[in-house]
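Data first, discussion second: the structure below is written as structure tokens.
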Amino acid sequence: MPLPFLTADRDLDVDDRTADPTPLPHDEPDRWRRPYRPGPWRVGAAAVFLLLASFVLFSTMIIAMAGSPVGALVCGGVALLVIAVALRLLRVGVWVSAAGLRQSGLFATTTEPWSAVGSLRTVQQPVRWLGLPRTVQGQALILHRGPGDAQRVLITDRNGDFLSRPEAFERAADVLEAWAAEYRS
């Protein structure tokens with residue numbers, strides 16, 4: 001089943017000797033794409049939220065059949081909210097295009113044009129484990145805008161996309177650094 005979002009590591013399975021040098025129709029640099037696949041922790045959490053939403057929708061149906069339309073509307077609204085959170089959780093991450101770098105969070109999205117990106121580099125530092133307050137030693141891809149500006153952590157090897165997948169973190173960091181090198185000038 002094709003997913004509606006694009007990933008950059010989709011073409012890694014192609015043998016370089018047989019690869020066609022012409023770009024595919026979907027290889028448009030102006031489209032926002034995630035340079036890595038969502039990790040199993042993120043997908044699993046979204047699946048649990050969707051499972052919860054199905055139970056709430058079932059409850060909505062039972063409440064509606066029992067004759068309480070206000071309770072059914074409230075329950076249906078809660079189900080829609082849980083579905084929205086699950087879908088937003090799948091969109092969390094770093095997205096790139098020729099226009100810039102976009103970091104989507106659960107509640108906010110920040111977009112930086114490539115001209116504002118000073119450098120991207122991987123560093124060893126304490127990072128949050130699955131976004132929780134607990135920190136562990138790990139790697140983080142840091143965005144430097146310029147001298148005197150605050151650094152921003154883009155991705156870590158301990159977040160929901162890369163926990164237990166160090167090679168995927170390295171590949172994603174390399175791809176993000178390559179996008180920055182190509183479009184920053």
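Overview of values
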| quantity | calculated |
| --- | --- |
| Carbon plus sulfur fraction of accessible area for region 88-179, probe 1.4 Å, in percent | 54 |
| Ala178 versus Gln137: modelled label distance in nm, points set 7 Å from Cα along the beta carbon direction | 3.0 |
| Under-5 Å amide H pairs with Gly100, H placed in peptide plane, nonlocal only | Trp114 |
| Calculated from backbone phi, Karplus (6.51, -1.76, 1.60) coupling profile of region 66-71 in Hz, x at Gly/Pro | 6, x, 10, x, 5, x |
| Equivalent ellipsoid semi-axes, region 47-185, via Cα gyration tensor eigenvalues times 5, rooted, Å | 39, 17, 12 |
| Spacing of the two label points (7 Å from each Cα toward its C-beta) at Gln125 and Leu51, in nm | 3.6 |
| Residue-by-residue Karplus 3J(HN,Hα) for region 163-169, coefficients 6.51, -1.76, 1.60, Hz, glycine and proline x | 4, 6, 9, x, 5, 5, 5 |
| Semi-axes of the equivalent ellipsoid for region 117-174, Cα gyration tensor, largest first, Å | 20, 14, 8 |
| Karplus (6.51, -1.76, 1.60) ³J(HN,Hα), θ = phi - 60°, over region 92-102, in Hz, Gly and Pro reported as x | 5, x, 9, 10, 10, 7, 5, 7, x, 10, 10 |
| Theoretical FRET efficiency, 1/(1+(r/R0)^6), r = Cβ-Cβ of Asp30 and Phe107, R0 22 Å, to 0.05 | 0.25 |
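The values are calculated or read from the model by the stated rules, or taken from the named source; none is laboratory data. On a predicted model such as this, the values are computed, not experimentally measured, just so you know. Glycine also receives a Cβ, built like all others from the backbone with ideal geometry; neighbour counts cover every protein chain displayed. All accessible areas refer to the heavy atoms of the entire protein, side chains included, with ligands and DNA or RNA removed. Shrake-Rupley method; radii C 1.70, N 1.55, O 1.52, S 1.80 Å.
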